[in-house]
Amino acid sequence: MIADFVYIFEFVLGYFLGIQWVSVLLFFIIQWAMVDFYKLGTFDNPKSIFDKLTNFFMITFLGSGYFLYKRFSKQKWVVRKLSMFVALCLQGIISIIMYHLITIPLNLVVDKFL
């Protein structure tokens with residue numbers, strides 16, 4: 001039972017970290033289309049629970065890409081692209097490190113109890 005839970009948790013964690021990395025990659029490659037897609041899918045001042053839920057899912061799946069886009073949007077195009085590339089590389093490395101730092105102790109605990 002615990003091994004199944006840990007396996008599912010590892011899968012969801014890897015999926016979430018991968019989605020964040022892919023969102024930065026998409027904003028790096030086709031930023032104009034992704035910005036339009038992000039703005040189309042979110043509400044500026046959400047009033048209902050549906051609007052807030054929609055914003056939550058858009059921020060969850062495309063949050064880091066849009067955040068980095070907004071952070072670098074005031075720079076020139078070349079500098080912005082270079083900054084996004086560096087952020088993409090760093091986020092990939094940090095995501096891999098975070099994944100292993102979280103899952104290795106969980107696997108050790110599961111192996112100890114099995």
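Laboratory data are not the source of any read-out in this text; all were calculated from the coordinates shown. Quick caveat: nothing in here was measured; it's all calculated off a predicted structure. We place every Cβ from the backbone using ideal geometry, glycine too, and count neighbours over all the protein chains shown.
Gain on full extension, evaluated as 0.36 nm per residue between I97 and D4 minus their Cα-Cα distance, stands at 31.2 nm. Give me the distance between the Cα centres of the range 1-34 and the range 52-88, rounded to whole Å. Taking the Cα centre of each part, the range 1-34 and the range 52-88 sit 15 Å apart. Over 31 Å between Cα atoms, which of K52/K74; K52/K112; K52/K76; K47/K70 qualify? Pairs exceeding the cut-off: K52/K112; K52/K76.
Shape summary: the chain maps onto an equivalent ellipsoid whose semi-axes, from the alpha-carbon gyration tensor, are 32, 21, 9 Å in decreasing order.
Taking each DSSP H run with n ≥ 4 as -39500 (n - 2.57) and averaging over every residue of the chain yields -31000 deg cm²/dmol at 222 nm.
Think of the chain as a dipole: +1 on every Lys or Arg Cβ, -1 on every Asp or Glu Cβ, centred on the Cα centre; then among L106, W77, L53, W77 lies furthest on the positive end.
Assigning unit charges at the beta carbon (Lys, Arg +1; Asp, Glu -1) and nothing else, what dipole magnitude in debye, to the nearest 20, does the chain show about its Cα centre? Working shown, then result.
Details: 10 positive and 6 negative charges, 140 e Å.
It works out to roughly 680 debye.
Membrane-span-like helices in the chain, defined here as complete DSSP H runs extending at least 18 Å along the helix axis by their C-alpha atoms with mean Kyte-Doolittle hydropathy no lower than 1.6, are 2-29; this is a sequence and geometry rule, not a statement about a membrane.
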